[in-house]
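The values are calculated or read from the model by the stated rules, or taken from the named source; none is laboratory data. Bear in mind that the values here come from a model prediction, so they are computed numbers and not experimental data. Here the Cβ positions follow ideal geometry from the backbone for every residue, glycine too, while neighbour counts run over all protein chains shown.
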Amino acid sequence: MKKKFIIAIPILFMIIPVLLFLFKPKQPSFLFPSAPTPTPITIPSIQQTPIIIITPGIQYNPNSEQKIRERIDNKQPLSQQDTKTKNSIRSSLQNKSGSPVTTNLFRVDYLFNNDIFQVEILTTNIEAAKKQAVDWFLSQGFTEIGICDLPVSFYLSWNVKQELQKSGQQISFNSLPDFCQ
């Protein structure tokens, strides 16, 4: 009898969980509510304001940032000479975005979709880099008016920003060539 009891106990421990699983009561549906339906919201339009980029030690000129935005939004027709020069550079880039020139002081990027040129300053000698970049545009055949109307805009590379911040210099940075004011 003891032998049958010893065999029956493990069998009961195996059968009871199976029976509980098979005959468990159904969960009421109110315990699992359906996911809420998202409600669409309307975001009011954002009025364009001048971009003021705050980087410790570096103050971007908000007037030049606004002028760049206006020149992009309200493109002025270029002269024949400036159009020819721009098309020549675009052709050299196979009508895609790209960098037509890089030096140790600056890199010029042409953004095809926006049809603009941006110049990344790669040195803390900002004035020399801007002058050399403007000279490059002039040497390609652009006029000063064309450089302004394209528009050509400047920005500081991440490394340059870090160096200027570490040095503690206070910089007022103009994103446009000086003659585009």
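Values for this structure:
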quantity	calculated
Some residue of region 34-52 being of a type in the set (A, V, I, L, M), over 22 Å from the mean Cα position of the chain (by Cα) and at pLDDT below 60	yes
Wholly enclosed strands (runs of 3 or more DSSP E) of region 103-181 bearing at least 1 residues among the polar types (S, T, N, Q) and under 27 Å from Thr83 (Cα atoms)	116-121, 152-156
Flag for Ser172 being in contact with a Phe, Trp or Tyr (Cβ under 9 Å, 6 or more places away or on another chain) and surrounded by 16 or more Cβ atoms within 10 Å (Cβ to Cβ)	no
Contacts under 8 angstrom Cβ, first residue in region 143-166 being of a type in the set (S, T, N, Q), partner surrounded by fewer than 15 Cβ atoms within 10 Å (Cβ to Cβ), 6 or more apart	Thr143/Ser79; Thr143/Gln81; Gln165/Thr55; Gln165/Pro56; Gln165/Gly57
Residues satisfying the stated conditions in region 59-89, i.e. farther than 16 Å from Gln181 by Cβ and buried (at least 18 other Cβ atoms within 10 Å of the Cβ)	Leu78, Asp82, Thr85, Lys86, Ile89
Arg90 being modelled with pLDDT of 95 or more, charged (D, E, K, R) and out of contact with any Gly (no Cβ under 7 Å at 6 or more places or on another chain)	no
Output for region 95-137, where each listed residue is of a type in the set (D, E, K, R) and over 22 Å from the mean Cα position of the chain (by Cα)	Glu127, Lys130, Lys131, Asp135
Lone unmet requirement of (1) free of Cβ contacts under 8 Å to residues at least 12 places away in the same chain; (2) over 22 Å from Gln162 (Cβ atoms) for Ser99	(2)
Filtered residues of region 94-116 (kept if at pLDDT 95 or above and farther than 15 Å from Phe137 by Cα)	Asn104
Boolean, Arg107 is farther than 20 Å from Ile171 by Cα, out of contact with any Pro (no Cβ under 8 Å at 6 or more places or on another chain) and buried (at least 18 other Cβ atoms within 10 Å of the Cβ)	yes
Hits in region 116-137 (condition: exposed (fewer than 13 other Cβ atoms within 10 Å of the Cβ) and over 17 Å from Leu164 (Cβ atoms))	Asp135
